[in-house]
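No lab work stands behind these numbers, since they all come straight from the coordinates. Remember, it's a predicted structure, so these values are computed and weren't measured experimentally. Glycine gets a Cβ as well: all are built from the backbone with ideal geometry, and neighbour counts include every protein chain shown.
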Amino acid sequence: MSYSPLSLAASLEAAAVEFLAGPGNDNGNPLRPGEKAFGQPIFGYAAGADLIWETFKTAVDPAFLTPKMAFSGLNPEAMASELWVMVFVLPQTGKTMREHNRATQWPSEGWVRSRYAHPKTVDGLALRLVDVLAERGVKAVVPDLSPGFKTLTSEAFQIASTWSHRHAGFAAGLGTFGLCDGLITKVGKAHRMGSLIVNHPLPVTERDYGDHEYHKHCLWFNSGSCGLCVARCPVGAITLQGRDKTKCAAYLKITTPYIEATWPDLVGGYACGLCQSRVPCAVRSPKIPTQKFTPKVSLNKEPLPGIRP
Ligand code: SF4
Ligand code: SF4
């Protein structure tokens, strides 16, 4: 059966809102049952045949999967022109942001709980949307939950993977990357994202940036101002040259003993995200200044060594 792109997207978005209103979006706080992990979602859509996917093979890693490649496990015959990518952004709640803005060394409870809820909420929502599509006779896959998904390491990119929700969001017009690597969307960069590849037309979202304007909405890149995420990082993993993913990942590991000691139900939990709070791009996309600032420190304005997923 065939649907209009707009009506199919409307069905998916309604199903997402319904899912997020239910227990799948509880943050698991035993003292405050029913507290939400995430706020209201936003959505973007990209065509599988968009040439931007090929550019990620250079910007991220040659192993980055195009939608056609990511869908091939389900149907190797599907053409790129028969595929669309739906991306959703789940912003942190206002309550979590108020808590997290006060954090300086360790993550706040709301942030940790939303990170811990990722499999139930973010993966759960993506799989719910696959079911909604299946009920309508439409095939879909969640790339990072499919067998072809791999994480990669390379000298240039440190930690990468064969699919990136943030790059999918960039392709789907949702936003551009900040100095700290987060995707700055209209609801900011304090969020978690998911995406799925759909074998049915969806309404493509226009991008308000060029295919290579990876950092258009970051104040550091567009005007030489801000840089506040550098100071927010407790371990110096962000510099004016970008984020050291290895240092960041090492810090995430050492948050586990703190999290387990503070909230014993969150066994194996890890989180940080301080660079995604108390900064101008945390909950909105900052207005691009008309004035350029002169950096007080020297900066290599060459592109960062890869746009990291
Ligand atoms: S805090 Fe400032 S420098 Fe860092 S990503 Fe946001 S806008 Fe860019
Ligand atoms: S998540 Fe934490 S450790 Fe990683 S870059 Fe951001 S502030 Fe630094």
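By count of other Cβ within 10 Å, fewest leading, how are M69, M97, M1, M86 ordered?
Final ranking by Cβ density, sparse to dense: M1, M69, M97, M86.
Got a sec? Which residues in the stretch 158-198 would a label at V17 touch, if it sits 7 Å along Cα→Cβ and we count backbone N under 15 Å?
none
To the nearest 500 deg cm²/dmol, what mean residue ellipticity at 222 nm is calculated for the chain from DSSP H runs of n ≥ 4 alone, each contributing -39,500 (n - 2.57), summed and divided by the residues?
Numbers: 10 runs with 94 residues, N = 309.
The helix contribution divided over the chain gives -8500 deg cm²/dmol.
Can you check what the net charge comes to around L252, using other residues whose Cβ is under 13 Å from the Cβ of L252 (Lys, Arg +1; Asp, Glu -1)?
Values: positive: R115, R243, K245, K247, K253; negative: D244.
Around L252, the surrounding residues sum to +4.
If you place +1 on the Cβ of every Lys and Arg, -1 on the Cβ of every Asp and Glu, and leave all else neutral, what size is the dipole of the chain about its Cα centre, to the nearest 20 Debye? Write out the running numbers ahead of the final one.
Details: 32 positive and 25 negative charges, 228 e Å.
Charge dipole of the chain: 1100 debye, to the nearest 20.
Highest first, please rank the peptides 254-265, 186-197, 36-47, 279-290 by the mean number of other Cβ atoms sitting within 10 Å of their residues.
Working: 254-265: 14.1, 186-197: 24.7, 36-47: 21.6, 279-290: 17.8.
Final packing ranking: 186-197, 36-47, 279-290, 254-265.
By what distance, in whole Å, do the Cα atoms of the stretch 221-283 stretch along each of the three principal axes, largest value first?
44, 25, 13
Would you order R102, R243, R136 from fewest to most other beta-carbon atoms within 10 Å of each residue's own beta-carbon? Please list the in-between numbers first.
Numbers: R102 10, R243 22, R136 13.
Starting with the residue having the fewest Cβ neighbours, the order is R102, R136, R243.
Test of understanding: express the Cα radius of gyration of the stretch 8-123 as a ratio to 2.2 N^0.38 Å, with N the residue count.
Dividing the Cα radius of gyration by 2.2 N^0.38 Å gives 1.33.
Under the definition of Cα pairs under 8 Å and six or more residues apart, what whole-number percent is the relative contact order of the chain? Walk me through the numbers before you get to the answer.
Working: 578 pairs, mean separation 71.5, N = 309.
Over the chain, the number comes to 23 percent.
Could you give the distance between the Cα centres of the stretch 3-55 and the stretch 164-188, to the whole Å?
16
Expected output is a single nm value to one decimal: the length gained when fully extending between D265 and L31, i.e. 0.36 nm times separation in residues minus the C-alpha distance. What is it?
Extra length from D265 to L31 when fully extended: 83.1 nm.
Please say if the chain is rounded, prolate or oblate, where rounded means a/c under 1.5 for a ≥ b ≥ c the square roots of the C-alpha gyration tensor eigenvalues, and otherwise the choice is prolate for a/b larger than b/c and oblate otherwise? Mind dumping the intermediate values first?
Details: a/c = 1.63, a/b = 1.18, b/c = 1.38.
Since a/c reaches 1.5 but b/c is at least a/b, the shape of the chain is classed as oblate.
Classify the stretch 88-178 as rounded, prolate or oblate, taking a ≥ b ≥ c as the square roots of the eigenvalues of its Cα gyration tensor: rounded when a/c is under 1.5, otherwise prolate if a/b is larger than b/c and oblate if not. Don't jump to the answer; show the numbers that get you there.
On the way: a/c = 1.98, a/b = 1.30, b/c = 1.53.
It comes out oblate by the Cα gyration axes.
Could you work out the relative contact order of the stretch 163-280, using alpha carbon pairs under 8 angstrom and six or more residues apart, expressed as a whole percent? The partial results should precede the final answer.
Values: 134 pairs, mean separation 28.7, N = 118.
Here the relative contact order equals 24 percent.
How much FRET efficiency would the formula 1/(1 + (r/R0)^6) give for S72 and D244, where r is the Cβ-Cβ distance and R0 is 22 Å, rounded to 0.05?
Numbers: r = 34 Å, r/R0 = 1.54.
According to the calculation, E is roughly 0.05.
How much net charge surrounds L90 when only other residues with a Cβ under 11 Å from its Cβ are counted (Lys, Arg +1; Asp, Glu -1)? Intermediate results must be reported in sequence, preceding the final value.
On the way: positive: K36, R192; negative: none.
Result for the neighbourhood of L90: +2.
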